[in-house]
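Comments concern the structure below.
The values are calculated or read from the model by the stated rules, or taken from the named source; none is laboratory data. Note that this is a predicted model, so its numbers are computed, not measured. For neighbour counting, all protein chains shown are included, and Cβ atoms are generated from backbone atoms with ideal geometry for every residue, glycine included.
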Amino acid sequence: MPADVHNSPAGSPADSPGVPAAVAALAALETEPGVAKPDPILVADKVSRTFGGLVAVDVDHFEVQRGTITALIGPNGAGKTTFFNLLTGFDRADSGTRTFNGRSLKRISAAKVARMGMVRTFQLTKVLSKLTVLENMRLGAPKQSGERFWVGPFRFLWDGQEKENTERARELLARFKLDAKESDFAGELSGGQRKLLEMARSLMVEPELVMLDEPMAGVNPALKQSLLDHVRSLRDEGRTVLFVEHDMDMVRDISDWVVVMAQGRIIAEGPPDTVMADRRVIDAYLGAHHDTDITELDEETIASEAEAEIAAERLDEGREQA
Ligand SMILES: Nc1ncnc2c1ncn2[C@@H]1O[C@H](COP(=O)(O)OP(=O)(O)OP(=O)(O)O)[C@@H](O)[C@H]1O
Ligand SMILES: [Mg+2]
């Protein structure tokens, strides 16, 4: 489990009741882009990615403080999702280094990064609509030793692990109030329920760092509060959260720290109120943001792409293990 962030050393600013030490430590920081954090779980240095002539990401330095909720905001096309892809190994940077818990992530596959304790969800959810809710959960399980070639003689080990995975999946479904739906096809869930399912699935590996790409997009107001509570509860149990979001109410409500990207770079960071009053941030947003509606056709294309991607990833994992 992640380290306990609630024990503040005597005399620290975290003596204020209810504020975890990791969060209180942020108050002492300069609010300049790329500022070093006292206890970073994730560090990226000089990470860049171009598509043709377009510089999508060009981040000089980025650190995420362990045990906090950090928001990554910025106008459409700022490079937030691309940066997530680079950090988690879903895309390869042209240059730069990344470390998680001090370990380099160079040439480590996305699946392995997840097993190391750093998971992410997608802006357009990647739940598999033709699988049931429970099956989707089991796909998030840490190991799929059942696919290993030597499993035959050790089948009892696999069965035990499968049972454990199913139990964990059911616990998480109950926590996210999706337990009544475990046998439904994921495709039958509402947009908000899919977001919850993706979040629940990401917890199957007991991650230390959870990265959420627009958790609020497409979620109806009735579910928003519960989603916020779930994100807070991740921090309260000692995990670190990094999320991308356009919903500024959510950002203001739950973030301990906000990082702003524009045109691939980090242009500001600091506590929510400071950042949102920053002239550069307001300018970057002016006229730049529009909410994009996803059509049904888009959803179908995205779902089939996601299914292909996940199938490919599992093949990859199979090869890694063989
Ligand atoms: N695979 C790709 N091929 C070419 N260009 C890409 C690709 N992925 C992203 N881009 C471009 O890189 C830039 C950054 O895109 P990205 O999706 O990372 O932005 P974002 O900040 O997540 O935006 P949004 O808030 O709309 O989700 C955009 O100009 C986008 O068009
Ligand atoms: Mg995006």
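Screening the candidates Phe83, Phe122, Phe90 for the property of being within 13 Å of ligand 2 (Cβ to nearest atom) and in a helix (DSSP H, G or I) yields one hit, Phe83.
Filtering the stretch 254-270 to residues that are outside any strand (DSSP E or B) and in contact with a helix residue (DSSP H, G or I) (Cβ under 7 Å, 6 or more places away or on another chain) leaves Ile254, Ser255, Asp256.
When the test is whether a residue is basic (Lys, Arg), buried (at least 19 other Cβ atoms within 10 Å of the Cβ) and either touching a helix residue (DSSP H, G or I) at 6+ places or on another chain (Cβ under 8 Å) or modelled with pLDDT of 90 or more (or both), Arg232 does not pass it. Could you say whether any residue in the stretch 179-202 is touching a residue at least 40 places away in the same chain (Cβ under 8 Å), on the phi > 0 side of the Ramachandran plot and buried (at least 19 other Cβ atoms within 10 Å of the Cβ)? Checked the stretch 179-202: no residue is touching a residue at least 40 places away in the same chain (Cβ under 8 Å), on the phi > 0 side of the Ramachandran plot and buried (at least 19 other Cβ atoms within 10 Å of the Cβ). Val244 meets the conditions (1) over 22 Å from Ala110 (Cα atoms); (2) assigned by TED's automatic domain parsing to the domain that holds Gln65; (3) in contact with a Lys or Arg (Cβ under 7 Å, 6 or more places away or on another chain) in every case but one. The failed one is (1). Residue-level check: of (1) surrounded by fewer than 20 Cβ atoms within 10 Å (Cβ to Cβ); (2) of a type outside the set (A, V, I, L, M); (3) outside any helix (DSSP H, G or I); (4) in the same structural domain as Thr68 (by TED's automatic domain parsing), Asp249 misses just (3).
Residues in the stretch 89-115 that are closer than 14 Å to Leu242 by Cα and either within 13 Å of ligand 1 (Cβ to nearest atom) or without any contact (Cβ under 8 Å) to a residue 24 or more places away in the chain (or both): 0 in all.
Applying the condition of being more than 16 Å from the chain's Cα centre (by Cα) and not β-branched (Val, Ile, Thr) to the stretch 208-228 and asking which residue is nearest to ligand 1 (Cβ to nearest atom) yields Gly218. Across the stretch 244-291, the qualifying residues are those that are hydroxyl-bearing (Ser, Thr, Tyr) and closer than 19 Å to Val64 by Cβ, and the one among them that is modelled with the lowest pLDDT is Thr274. If the condition is being surrounded by fewer than 23 Cβ atoms within 10 Å (Cβ to Cβ), within 16 Å of ligand 1 (Cβ to nearest atom) and either of a type outside the set (D, E, K, R) or not assigned by TED's automatic domain parsing to the domain that holds Ile266 (or both), then the stretch 55-69 contributes Val55, Ala56.
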